[in-house]
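In what follows, a structure is listed as structure tokens, so that the remarks can point back to it.
The values are calculated or read from the model by the stated rules, or taken from the named source; none is laboratory data. Note that this is a predicted model, so its numbers are computed, not measured. Methodologically, a virtual Cβ is constructed for each residue, glycine included, from the backbone with ideal geometry; neighbour enumeration extends over all protein chains shown. Surface accessibility is based on the protein's heavy atoms, side chains included, excluding ligands, DNA and RNA. Shrake-Rupley method; radii C 1.70, N 1.55, O 1.52, S 1.80 Å.
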Amino acid sequence: MKFEIPGRLPGLNEIIDAAKQGKGNYQPYARMKEEYTTMVAWLAKKLPRYKRVNITITWYEPNGKRDPDNIMAGQKFILDGLVMAGVIPNDTRKHINSIKHIPEIDRVNPRDEVE
């Protein structure tokens, strides 16, 4: 099964910046996490339920500016969204066999595809 997340999820640099803005009170990061996790959960609601999964995430960026390790930090929102939607019971190794990342470029339609 596959679903698409339109646009781009925040990268590691944006996540770190949001955490620093809170200066001990993490509200900017908490708001970011809630917004993107909930968005992913709504997009994944119609997927079947699984006990164990192999996940492939294709990251379609508008250009090659962000490093792959920066881009892939968005997997936190994806995995937590899958749990929130009830697609997987938890995002522990008990329920996730593997995660494969494929960075791509699509200048017209940046998005993330989760399979």
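Summary of computed values
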{"quantity": "Where a residue in region 34-53 is open to solvent by 90 Å² or more (accessible area, probe 1.4 Å) and its partner, wherever it lies, is in a loop (DSSP other than H, G, I, E, B) and of a type in the set (K, R), with Cβ under 8 Å and at least six apart", "calculated": "R52/K94"}
{"quantity": "So Y29, is it on the phi < 0 side of the Ramachandran plot, within 16 Å of the chain's Cα centre (by Cα) and either modelled with pLDDT of 95 or more or outside any helix (DSSP H, G or I) (or both)", "calculated": "no"}
{"quantity": "Evaluation of A18 against (1) out of contact with any strand residue (DSSP E or B) (no Cβ under 7 Å at 6 or more places or on another chain); (2) closer than 16 Å to R8 by Cβ; (3) among the hydrophobic types (A, V, I, L, M, F, W, C); (4) surrounded by fewer than 16 Cβ atoms within 10 Å (Cβ to Cβ) (one fails), failing number", "calculated": "(4)"}
{"quantity": "Qualifying residue in region 59-71 (condition: open to solvent by less than 60 Å² (accessible area, probe 1.4 Å), of a type in the set (F, W, Y) and at pLDDT below 95)", "calculated": "no"}
{"quantity": "Residue in region 3-14 that is open to solvent by less than 70 Å² (accessible area, probe 1.4 Å), farther than 16 Å from G81 by Cβ and not in a helix (DSSP H, G or I) present", "calculated": "yes"}
{"quantity": "In region 79-108, the residues that are touching a strand residue (DSSP E or B) at 6+ places or on another chain (Cβ under 7 Å) and either outside any loop (DSSP other than H, G, I, E, B) or open to solvent by 50 Å² or more (accessible area, probe 1.4 Å) (or both)", "calculated": "I96, N97, S98, I99, K100, H101, I102, P103, E104, I105"}
